[in-house]
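Heads up: the structure comes next, in structure tokens.
The values are calculated or read from the model by the stated rules, or taken from the named source; none is laboratory data. The model shown is predicted, which means the values in this text are computed figures rather than measured ones. Cβ placement follows ideal geometry from the backbone for every residue including glycine, while neighbour counts extend to all protein chains displayed. Quick note on the areas: whole protein, heavy atoms, side chains included, nothing else; ligands and nucleic acids left out. Shrake-Rupley method; radii C 1.70, N 1.55, O 1.52, S 1.80 Å.
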Amino acid sequence: MVVRLCSNKYFATAITLVLAYMLAKIGYANIWPLFGSANQLLGALSLVACAVFLKHTHRKGFMLWFPMVCMLAITFTALTQKIITLSAGLFTAASTSLFGDCLQLVFAVLLLALGVVVAVMGIRRLMH
């Protein structure tokens with residue numbers, strides 16, 4: 001039932017538009033750190049995908065491993081720091097925008113969790 005609803009193109013479009021609108025309402029300066037982290041995570045996961053592809057086509061891809069590990073470590077550290085900062089702000093009530101901080105926290109946690117899952121799956125493929 002949920003899978004069918006989420007795969008409906010109209011429902012998925014509506015959810016995407018609503019989330020984009022909510023992110024736009026919290027302000028450009030607030031979402032910039034998450035955009036930067038998402039961009040760097042995409043680059044790191046692209047290196048994982050390229051390294052896996054090269055390994056499975058029996059080509060040398062070891063030159064991608066060092067930048068891949070560095071980018072993953074830096075990006076995951078930045079996302080973790082952002083999550084800690086946002087979490088601390090929620091509990092101290094020092095935040096000026098509680099809704100914006102909650103929304104950012106949700107996106108940061110999702111980015112970190114999905115990034116870890118994809119990175120672990122890719123690195124497992126590299127080790128086998």
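Side notes on the structure shown:
- Excluding same-chain neighbours fewer than eight residues apart, the lysines reachable from LYS82 by a Cα-Cα span under 23 Å are LYS25.
- A 1.4 Å probe run over the chain, with the rest of the protein chains in place, finds 69 Å² accessible per residue.
- Ordering MET22, GLN81, ASN39 by the projection of their Cα atoms onto the charge dipole of the chain, which places +1 on the Cβ of Lys and Arg and -1 on the Cβ of Asp and Glu, puts ASN39 at the extreme positive end.
- PHE66 accessible area, 1.4 Å probe, all protein chains in place, Å² to nearest 10: 150 Å²
- Taking TRP32, TRP65 and ordering them by how much accessible surface each has at a 1.4 Å probe, largest first, produces TRP32, TRP65.
- Angle in degrees between helix 28-56 and the longest Cα principal axis of the chain, rounded to the nearest 10: 20 degrees
- Shape category assigned to the chain from the gyration tensor of Cα positions, a/c cut at 1.5: oblate
- Heavy-atom surface analysis with a 1.4 Å probe gives the chain a carbon and sulfur content of 75 percent of its accessible area.
- The overall shape of the stretch 1-54 is oblate: from the C-alpha gyration tensor, with semi-axes ordered a ≥ b ≥ c, the ratio a/c is 1.5 or greater and a/b is no larger than b/c.
- Cα centroid of the stretch 49-128 to Cα centroid of the stretch 1-30, whole Å: 21 Å
- The chain, dipole about Cα centre (Lys/Arg Cβ +1, Asp/Glu Cβ -1), debye to the nearest 20: 540 debye
- Relative contact order computed over the chain (Cα-Cα under 8 Å; 6+ residues apart), in percent: 29 percent
- Sparsely packed trypsin sites (Lys or Arg not before Pro) within the stretch 1-96, loop by DSSP, other Cβ within 10 Å at most 15: ARG59, LYS60
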